[in-house]
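Working notes, beginning with the structure itself.
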């Protein structure tokens, strides 16, 4: 006996020419798919109105399986059909794939929406859910939505390992700082500096003295270094380096003197990081001098 509601194929054969037309996927070459396009959206709405929930699930399931076997369907379309069929796990997998595809095409807002759909299905183990949260945060940050990205990173840090939590909080603090949420970003940054043996001056005068001290140490030490492969550097040192550069990215405009001090705290043996350290300090120096001269001018004007 044929599965599914009776007489559907016969009814479709009799009436579809009046309601739809044969189209294509819009692609080129052999990967092009034949499709049935409804002439008007009211036709689709009317058909759906007359379908029971069980019939809808049956249609979604049949479409999902046929499209999956074809190997040419868009992952987002497959995800929608599997979700309509009630298969939340398969829908989550295909939303994840569709989001990765959108991320690769630089469609960050679309990727964030798809990652969020996959995350909200909540049908994966906690570790996999955290990885989805990390992907969502990356898509939001790449799309310029720093405050939202920070919140997602902090949510993903719940229940994570110590190393994962530190990395996610580092990214969250960076996004808060560069998106203008300075107080929240600095508060979060201070909470993760301590465990790595780093500190941040609490006053502008302290930041300036720290910068002068580090520059003097650098002058005495010189610019020589011994290059080492990244695998020869401890994970803690690599995390400390990344944290310093996150602070530079977030503080370079907000507090250029404090931002200029952080590259001097990064003692990386990798040539790329050494170049970034000196380039970062050189790039921030004019901004720091501008701020200092502005403050001097303001004080002089006030004394008059």
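Could you calculate the FRET efficiency of residue 45 with residue 69 from 1/(1 + (r/R0)^6), where r is the beta carbon distance between them and R0 is 22 Å, rounded to 0.05? Don't skip to the answer; put the middle values down first.
Numbers: r = 29 Å, r/R0 = 1.30.
The pair residue 45/residue 69 has a calculated efficiency of 0.15.
Using a 7 Å offset from Cα along Cα-Cβ at residue 249, what residues in the range 166-189 end up with backbone N under 14 Å from the label point? Within reach of a label on residue 249: 167-180.
Distance from the C-alpha centroid of the range 99-119 to that of the range 193-212: 38 Å, rounded to the whole angstrom.
Please give the length that would be gained between residue 219 and residue 106 if that part of the chain were fully extended, namely 0.36 nm times their separation in residues minus their C-alpha to C-alpha distance (nm, one decimal). Going from the current span to full extension adds 36.4 nm.
In terms of its alpha-carbon gyration tensor, the range 151-209 comes out oblate; a/c meets the 1.5 threshold, while b/c is at least as large as a/b.
Judged by the gyration tensor of its Cα atoms, with axes a ≥ b ≥ c, the range 75-185 is oblate; a/c meets the 1.5 cut and b/c is at least as large as a/b.
Laboratory data are not the source of any read-out in this text; all were calculated from the coordinates shown. Given the structure is predicted, the values throughout are model-derived calculations rather than measurements. Neighbour counts run over all protein chains shown; Cβ positions are idealised from the backbone, glycine included.
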